[in-house]
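Read through the structure below, which is laid out as structure tokens, and then see the notes.
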Amino acid sequence: MRKIDKTKILSKNYEKLLRNFGEKEHPKYNSSNCKYYFDIKMSLLHCQKGLCAYTEEILCDPKFISIENWNNQKYNIQLTKPEKNSIQGDLEHFDESLKAKYAWKWDNLFIVTTHNNCRIKGKKPIRQI
């Protein structure tokens, strides 16, 4: 896995949410219940240059992760109009032990292929993958 520069969060709404959490526990993780899920995913894909954090497999066309697809707060899906399944990958908690209390911690999140996330890593500790 190559080094990923995550110093810039493109989703300002998500960044504000993180500031509001501070050091407090985050709400329980539920990807379908987070209104910023897609923005987080696209911001991570931008940082990862559209590649899986583990395998470096291409997860989307570079046009979908262009900085021009963002307005001041969020990803503008209307600009790209991706077809179903044209943006692959799952939000992955690198250190699974942080998921219970800090589910939305930026430094612990990456985008990885669904196969690697669900079938290979699952809930295994980092040292075992």
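Before anything else, pin down the relative contact order of the chain: Cα pairs under 8 Å, at least 6 apart, normalised by residue count, whole percent. Over the chain, the number comes to 28 percent.
In a shell of Cβ-Cβ distance under 14 Å around C60, excluding C60 itself, what net charge do Lys and Arg (+1) and Asp and Glu (-1) give?
Values: positive: K41, K49, K63, K81, K84; negative: E56, E57, D61, E83, D90.
Result for the local shell: 0.
Roughly speaking, to the nearest percent, how much of the chain's 1.4 Å accessible area is carbon and sulfur? Of the solvent-accessible surface of the chain, carbon and sulfur hold 50 percent.
The phi-based Karplus calculation (6.51 cos²θ - 1.76 cosθ + 1.60; θ = phi - 60°) puts the 3J(HN,Hα) values of segment 64-80 at 6, 9, 4, 4, 5, 7, 10, 9, 5, 10, 8, 6, 9, 5, 5, 6, 9 Hz, whole numbers, x for Gly and Pro.
FRET efficiency for the E68 to H115 pair, using the beta carbon distance and R₀ = 35 Å, is estimated at 0.70.
Equivalent ellipsoid semi-axes for segment 45-108, as square roots of 5 times the alpha carbon gyration tensor eigenvalues: give them largest first, rounded to whole Å.
After scaling each eigenvalue by five and taking roots: 24, 15, 10 Å.
Each Lys and Arg adds +1 at its Cβ and each Asp and Glu adds -1 at its Cβ; summed about the Cα centre, the chain shows a dipole of about 280 debye.
Label positions at N30 and S86, each projected 7 Å from the Cα along the C-beta direction, are separated by 3.1 nm.
In nm², what is the average projected area of the convex hull enclosing the Cα atoms of segment 1-62? Write down the numbers at each step before the final one.
Numbers: hull surface 20.2 nm².
Averaged projected hull area, Cα only: 5.1 nm².
Sort largest first and round to whole Å: the equivalent ellipsoid semi-axes of the chain, each the square root of five times a Cα gyration tensor eigenvalue.
Details: eigenvalues 94, 75, 32 Å².
Working through the eigenvalues yields semi-axes of 22, 19, 13 Å.
The values are calculated or read from the model by the stated rules, or taken from the named source; none is laboratory data. Since the model is a prediction, treat every value here as computed from it, not as a measurement. Using ideal geometry, Cβ is built from the backbone for each residue, glycine included, and neighbour counts are taken over all protein chains shown. Heavy atoms of the whole protein, side chains included, go into the accessibility calculation; ligands, DNA and RNA do not. Shrake-Rupley method; radii C 1.70, N 1.55, O 1.52, S 1.80 Å.
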